[in-house]
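A.B. asks: Just passing along the structure, written as structure tokens.
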């Protein structure tokens, strides 16, 4: 079973994404901050990370940089409620960029693409 690390400071996103991803057959681990994600990364050794951008403490862009330094081939999908972050050059280091929505079909398609 492929492992996904979900990094987001919103509990509602964890509940929504976890249900959909587990139903799709993935093992989901959660982190509520960039710091927690970086501390958990080497313990869990996920196959993919879904990472929020706008979080307190270490933001998603800085977390992404640190993750890619530690595990350069790890697929990271940035997930944000803000479309404008997609234009930020720093977000281009991610493997995909998804705008948060109640329709998770785009997220699931991206996860499948990077884990197949």
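Every number here is computed from the coordinates shown, using simple stated rules; none is lab data. On a predicted model such as this, the values are computed, not experimentally measured, just so you know. Using ideal geometry, Cβ is built from the backbone for each residue, glycine included, and neighbour counts are taken over all protein chains shown.
A.B. asks: Sort 75-81, 99-105, 24-30 for me by packing, meaning the mean count of neighbouring Cβ atoms within 10 Å per residue, highest on top.
C.D. replies: Per-residue Cβ counts within 10 Å, averaged per peptide and sorted highest first, yield 75-81, 24-30, 99-105.
A.B. asks: Tell me the relative contact order for the range 3-111 as a rounded percent, counting alpha carbon contacts under 8 Å between residues six or more apart.
C.D. replies: Values: 169 pairs, mean separation 25.9, N = 109.
Contact order relative to length: 24 percent.
A.B. asks: Is any residue of the range 7-24 close enough, with backbone N under 13 Å, to a label point placed 7 angstrom from the Cα of residue 45 along the Cα-Cβ axis, and if so, which?
C.D. replies: From the range 7-24, the list is empty.
A.B. asks: Would you indicate which of (i) -0.29, -0.64; (ii) -0.46, -0.84; (iii) -0.33, -0.71 is the value of log10 I(q)/I(0) by the Debye sum over Cα atoms at q = 0.11, 0.16 Å⁻¹ derived from the coordinates of this structure?
C.D. replies: Answer by label: (i).
A.B. asks: Separate question: Under 10 Å, Cα contacts only: if you run a Gaussian network model on the chain, which one of 63, 40, 73 comes out with the highest mean-square fluctuation?
C.D. replies: 73
A.B. asks: Then there's this: Top mean-square fluctuation among 48, 64, 21, Gaussian network model of the chain, C-alpha springs under 10 Å?
C.D. replies: Its mean-square fluctuation being the largest, the pick is 21.
A.B. asks: Taking 0.36 nm per intervening residue step and subtracting the Cα-Cα distance, what contour gain separates residue 20 from residue 116 on full extension?
C.D. replies: Difference between extended and current length: 32.8 nm.
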